[in-house]
Every structure is written in C-alpha cells, then in structure tokens.
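Participant: Here it is, the structure in full.
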Amino acid sequence: MTTQTGKKKKLFIGGQWVEARTYQSLKSPYDQSELAEIPVAEKEDVTKAIDAADSARETLRKMPAHERAVILENIAKGFEERLEFAAEILAKEAAKPVSTARGEVQRTIQTYKFAAEEAKRIHGETLPLDAAQGGENRLAYTVREPIGVIAAITPFNFPMNLVAHKVGPAIASGNPVVLKPASQTPLSSLLLAEIAEKAGLPTGALNVVTGRGSVIGDVFVNDDRVKMITFTGSPAVGIALRNKAGLKRVTLELGSNSAVIVDKEVNIDGLIPRCVTGAFAYQGQVCISLQRVYVHEDVYEEYVEKFVEKAKELKLGDPLDPSTDVSALISPDDVKRAGSWVNEAVQNGAKLALGGQSSETVFLPTVLTDVDRQEKVSCQEVFAPIVVINKVSSVEEAIGLVNDSSYGLQAGIYTNDVHTALDAADRLHVGGVLINDIPTFRVDHMPYGGVKESGAGREGIKYAIEEMTEMKLVIFNRNN
Ligand code: NAP
C-alpha cells in the first residue's frame, strides 16, 4: 500500500498514485495553517480516471455479489483500524470538532457495512404477463444491472460519510467510480483510496481526482462513458450540472432551511438539548441543520429562554480539543456572510437573543427571534450556527410557514396530539417528516433526499442502489 505520508499528495487513477502538474495549498479552516499540498487535476487527468473506470466496468459487472460484499467489509475494517487517524483528518480539514468527527467515522464504517449487506440483496421480480390478453405462456422477470461509470461529486461538510453514501452503493451494485471530493476536504477521500487499495477492489474501480469543481465537473458532463452523476452539494451547482447532463442519470442531494414545529403542551425541558444540538452541531453546516423553529405562543417564552440558556453552555474552540462543541466555519468568507445576514435581519427588526459576533474564523452560536420570513437567515440556507425562533398561534400557521420555502429536505414536529402529528405528516412538503424529533436526524440506511430545491433522487444504500442500476426486462416465450 502506498501511504501518502508527506504533505504533497497525489491523485489516485487506475490503481496508481499520480502527480499533477499543479498543486494548491490546503489550509486549516481553524487557524489557517497549511495542512497539505493538493494536486489540481486537469482535463487529461480526469479523462484518464474515466478511462480507468471504464476499463474496470466489465470486471466489476461480472464480480459475484459475495466478493463485492467482502471488499466493502474490508473497507469498513480499514476505517475501523484507522478510526482515530480518520477523525483527526476530519477535524483538521473540515474543522469538525473531534468528538463529532469520531461520530462521522463510525457512521462511515456503518455505511460501508450496510453497502456490503445490500450488495447481496439486489434482485428483480417476476411478472404475470398473462394478466394481459396475448401475454399467455410467457415467463417474464426483471433484473437490475449496473448503470456504468459513476461520477461522484461530494461536499465539504461530511467528507467521509457522504463519500461512503456514493462509493458504497456504487461498488455494491458493480459500478466503477470517479470521485471528486470538495476542494476543502480532499484528505478523507485520499485516505479512502489508500484503504480501498488494500481492500481488494479491482484496478480502476475507484479513482480519486482532486481539483476545481468546474473543471472536473465539465469533463464528467461531456464524457459519454459517464452514465450517472451523483452530486451532493449546493442547489446552484447541482441544478446547473443537471441542466447540462443530457441523458445521464443525475441524483441531487442539495441544501435546505429545515424547520421544526413545537406545539402547545409539549414538555419543553425534554426537547431543548436536542434542538440546541440540531441547530449548532458542526457549526450548523449540516444540510438538515435546524434553522427555523416555529413555537406555539403558549410555550414560546419558555422555549426561547431555555434554548438560549442551553446554547450558552456550548464550548467554542480548537476542533482537535475533545471538549469543543463549536469550532470554525469552513472559510472566513462564510463568517463574513453569516455576520452580514444576521446584521441585515436585526436592522430589519429581528431581535438578537444570543451571539451575532465572530472572530475571523469562529461564528458564535446565534439565536434570532421575530424574524421576517423574507430575511436571508430565514428563507435561504444559512449553513452557520444561526437559528430563527418565531412565535405562531397554531400548528396550522406553522405548517404554512414551514412549506413557504424553496427547499424541502426534512421537517420535524413536537406534539402530544396524534391527529396533529398525522395531519402534519400529510401536509409538510418535504422528503422526510420527523414526529417528536428535530429534522436533523439521519441514520444511514433510511431513504434520504428532498423535494423542491433540496434535490432529486434518494440516498440510503438500498435507495441509492436503485438509482445506480438499470432495470432490464426478460421475456421467455414458451408458446413454440
Ligand atoms: P458546493 O459548493 O456546491 O460544492 C459541492 C461539490 O461540488 C464540491 O466538490 C465542489 O468542488 C463541486 N463543484 C463546485 N462547482 C462545480 C461545478 N461547476 N461543477 C461540478 N462540481 C462543482 O457545496 P459545499 O459548500 O461543499 O457543501 C454545502 C452544500 O451541500 C449545502 O448546500 C448543503 O446543504 C449541501 N449538502 C446536502 C446534503 C444532502 O444530502 N442533501 C448533504 C450535505 C451537504 P470544489 O470544492 O472544488 O468547488
């Protein structure tokens, strides 16, 4: 195994570690120190990665399910063996507090294990063709075949587990992958390549190209051998990719401004710790981060007071310190953007109940109340530790406000009334409804994805495999 120990990293193409012509410096979001020099792939490098993936296609397609499962189990084991090292990578490149980073590595391990299990469950169905006149005496069944070369583009915020959500199901279903991780978080994908190299993957089945999204994305879009683009990231980039992708299959896991509704008569003490975690975990840089809270007027004052009290306990600091809850945003530009959105809301009448300030890199957990629905902190994806808590006079009103969004990933409702819960489940226009929980809940085998500008298609291994395979129909005519 080639372990990339030095600061200067290489691309992983066709089973080889390859130098690039140019490099860019990767800086720590927390203290801006240099972490590594990252290769900037050019068009030719990306084409070579697609060549390699294309040549692995037949090998993977013919590989028995039990062998694909063993490879995925080996990848899971590789992460298990390097758990602490992997968590440190996440803490350094993404400024993810190391206790949260460990959680991500554990989930990554589980995601590859789920993929190993699902590899053995890919099957079609038999069809009663004789239900139609003229369909008698025919045996019909479907099979699911691998789609072909898959290009995976991933964001910075869960750089290990969201990669696992693409590489895991792709390998499980017999598809080679070219992976392009976010420029701020390439180290976790290069670690995956090292682990995969040892796991028994055929040469070319996984390729990792780092560099500029626009350059690499254009090669993916324009190469006919790429049959699917699986993208997780911001709506602007995802929608533009889809518009250019022609007949390629494109799945989009995009952003949101997720909300929870708090009905009257619920036990506020019981839900505050969870709501505070939902709003501020990983500095709010989670696609289902709790951004908007709509609280019934009967319990509103109590909710705000207790929420602020709890949020004050969060410890800010170095992501490598195990006691840190909140660390740096991914870039100083994001700190400036978050500050300007908060200021704008306050100038327009919102009340600042907590935070609102920052250092150059760390934005303080921030609570705003009485925020107009047109404010950016409410209607756009804030992706920072900022939460809006507004008063409503009924769940009915709250459902209208939750749905008044261009996004729709997940939403939650806390209520003691089963009819209210079921009514909300019917009427909330999102990909997933959480009853008596925050929207910030995900385990890795559940179907996950959004409506509206939150995306198209579903992940969660079994569901991603459906997207990554083509259904083929076979009809055996027994009439002659
Ligand atoms: P981003 O800026 O859209 O980047 C995502 C990926 O797209 C990166 O690898 C980026 O590469 C690449 N990219 C940029 N421009 C491209 C182009 N023109 N063509 C092809 N690829 C291009 O998103 P981010 O800031 O990393 O991540 C945050 C976003 O992801 C948020 O909106 C969040 O909600 C969303 N997200 C969604 C989910 C979900 O499952 N729904 C999960 C996590 C995150 P570079 O880094 O090189 O620019």
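Values in this text are rule-based calculations from the coordinates and carry no lab data. If you're wondering where the values come from, they're calculated on a predicted model, not measured in any experiment. Virtual Cβ from ideal backbone geometry, glycine too; neighbours counted across all protein chains shown.
Participant: Distance between Cα centroids, region 380-400 to region 105-156: provide it in whole Å.
Facilitator: 38 Å
Participant: Would you calculate the convex hull of the Cα atoms in region 1-64 and tell me its volume per residue in Å³? Don't skip to the answer; put the middle values down first.
Facilitator: Details: hull volume 7.9 nm³, N = 64.
So the per-residue hull volume is 123 Å³.
Participant: Next question. Could you tell me what percent of the DSSP beta bridges with both partners in the chain are antiparallel, to the nearest 5?
Facilitator: 45 percent
Participant: Using only C-alpha atoms and all pairs of different ones, pull out the Kirkwood radius for region 181-239 in Å with one decimal.
Facilitator: Value: 13.1 Å, from the Cα pair sum.
Participant: Any idea what the alpha-carbon Rg over 2.2 N^0.38 Å comes to for region 47-141?
Facilitator: Details: Rg = 21.0 Å, N = 95, 2.2 N^0.38 = 12.4 Å.
Region 47-141 yields a ratio of 1.69.
Participant: If the label point is 7 Å along Cα→Cβ of Asn416, which residues in region 364-396 have backbone nitrogen under 16 Å from it?
Facilitator: 395
Participant: Per DSSP H run of at least 4 residues, take -39500 (n - 2.57); add these up for the chain, divide by its residues and hand me the 222 nm value, nearest 500 deg cm²/dmol.
Facilitator: -12000 deg cm²/dmol
Participant: Arrange the following residues from fewest to most other Cβ atoms within 10 Å of their Cβ: Ile171, Ile261.
Facilitator: Least crowded to most crowded, the residues run Ile261, Ile171.
Participant: Using mean Cβ contacts within 10 Å as the protection proxy, how do 340-351, 128-139 order, highest first?
Facilitator: Ranking, from highest mean packing down: 340-351, 128-139.
Participant: With viscosity set to 0.890 mPa s and temperature to 25 °C, compute the Stokes-Einstein D of region 148-201, Rh being the Kirkwood radius across alpha carbon pairs; µm²/s, no decimals.
Facilitator: So the translational diffusion coefficient is about 219 µm²/s.
Participant: Hey, which of these cross-link pairs are over 29 Å Cα-Cα: Lys48/Lys452; Lys180/Lys462; Lys120/Lys198; Lys62/Lys248; Lys198/Lys248; Lys264/Lys336?
Facilitator: The pairs that break the limit, which is 29 Å between Cα atoms, are Lys48/Lys452; Lys198/Lys248; Lys264/Lys336.
Participant: Okay, next question. What is the order of Arg458, Arg68, fewest Cβ neighbours within 10 Å to most?
Facilitator: Arg458, Arg68
Participant: Ala182's amide H: which non-local residues (gap 5+, or another chain) put their own amide H closer than 5 Å, with H modeled 1.01 Å from N in plane and none for Pro or chain starts?
Facilitator: Amide H neighbours of Ala182: Thr154.
Participant: Nearest 10 degrees, 0 to 90: what angle lies between the long axis of helix 83-94 and the longest principal axis of the chain (Cα atoms)?
Facilitator: That helix lies at roughly 60 degrees to the long axis.
Participant: For the ranges 264-271, 395-402, what's the packing order if you count other beta-carbon atoms within 10 Å of each residue, average per peptide, and put the highest first?
Facilitator: By packing density, highest mean first, the sequence is 395-402, 264-271.
Participant: Using 5 Å bins from zero, what percent of all Cα-Cα pairs in region 119-243 falls into each bin?
Facilitator: 2, 10, 18, 19, 16, 10, 7, 6, 5, 4, 3, 1
Participant: Find the eigenvalues of the gyration tensor of the Cα atoms of region 367-454, then list the square roots of 5 times those eigenvalues as equivalent ellipsoid semi-axes, largest first, in whole angstrom.
Facilitator: Numbers: eigenvalues 80, 62, 30 Å².
Over the Cα atoms of region 367-454, the ellipsoid semi-axes are 20, 18, 12 Å.
Participant: What dipole magnitude, in Debye to the nearest 20, does the chain give about its Cα centre under +1 on Lys/Arg Cβ and -1 on Asp/Glu Cβ? If you can, show how the numbers build up before the last one.
Facilitator: Details: 53 positive and 64 negative charges, 348 e Å.
That gives a dipole near 1680 debye.
Participant: If we count other beta carbons within 10 Å of each Cβ, what is the order of His445, His296, His165, fewest first?
Facilitator: Going from least to most buried by this count: His445, His296, His165.
Participant: Taking the Cα-to-Cβ direction at Asn267 and at Asn243 and moving 7 Å from each Cα, how far apart do the two end points lie in nm?
Facilitator: 5.0 nm
Participant: Against the empirical 2.2 N^0.38 Å scaling, what ratio does the C-alpha Rg of the chain come to?
Facilitator: So the Cα radius of gyration is 1.02 times the expected 2.2 N^0.38 Å.
Participant: I want to check the label-to-label distance for Arg138 and Glu344. Put each point 7 Å from Cα in the C-beta direction and report it in nm to one decimal.
Facilitator: 5.8 nm
Participant: Quick one: dipole size for region 163-282, taken about the Cα centre, charges +1 on Lys/Arg Cβ and -1 on Asp/Glu Cβ, in debye to the nearest 20. Could you put the intermediate results ahead of the total?
Facilitator: On the way: 12 positive and 9 negative charges, 83 e Å.
That gives region 163-282 a dipole magnitude of about 400 debye.
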